[in-house]
Amino acid sequence: MIIMFTYIQITDRDSKVFKGYVDYEFGKDKLSMTLVRGMKALRHIVIPFSEITDLTIDKFYGEGRVNFIYKAQKFSFLNTGYGESQYLQKHMLKATMLN
């Protein structure tokens with residue numbers, strides 16, 4: 001498995017926002033993420049692809065961004081490195097189309 005690293009913003013239904021970094025990897029039927037701040041792991045989240053809604057891919061200040069909703073939270077992944085954005089987009093589209 002390939003573990004990738006990028007910037008993430010998570011907004012909940014009360015407009016509370018988490019901004020930080022995330023390690024993520026794609027499994028057979030899920031996206032597995034660990035939110036990190038510095039060297040400290042904050043929280044591990046496993047998201048079944050079948051529960052992802054409102055997947056969008058757009059640009060944010062000229063950089064690739066992937067957004068989706070899971071359990072009333074908006075997850076926004078921002079491109080932070082060469083090839084990372086394309087990897088995330090490709091795998092998210094493929095995984096969510098299969099469900």
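Values for this structure:
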{"quantity": "Residue within region 13-36 that is modelled with pLDDT of 90 or more, more than 16 Å from residue 87 (Cα to Cα), among the charged types (D, E, K, R) and within 13 Å of the chain's Cα centre (by Cα) present", "calculated": "yes"}
{"quantity": "Residues within region 15-32 that are of a type in the set (A, V, I, L, M), surrounded by 12 or more Cβ atoms within 10 Å (Cβ to Cβ) and closer than 15 Å to residue 71 by Cα, tallied", "calculated": "1"}
{"quantity": "Those residues of region 15-56 which are in a strand (DSSP E or B) and among the hydroxyl-bearing types (Ser, Thr, Tyr), in sequence order", "calculated": "21, 24, 32, 34, 53, 56"}
{"quantity": "Hits in region 37-82 (condition: in contact with a Gly (Cβ under 7 Å, 6 or more places away or on another chain) and either in contact (Cβ under 8 Å) with a residue 60 or more places away in the chain or surrounded by 16 or more Cβ atoms within 10 Å (Cβ to Cβ) (or both))", "calculated": "79"}
{"quantity": "Neighbours by Cβ (under 6 Å, 6+ apart or cross-chain): first from region 83-99, loosely packed, with under 11 Cβ neighbours inside 10 Å; second at pLDDT 80 or above", "calculated": "99/49; 99/50"}
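The values are calculated or read from the model by the stated rules, or taken from the named source; none is laboratory data. Values in this document were obtained by computation on a predicted structure and should not be read as measured data. Reconstructed Cβ throughout: ideal geometry from the backbone, glycine too, with neighbour counts over all protein chains shown.
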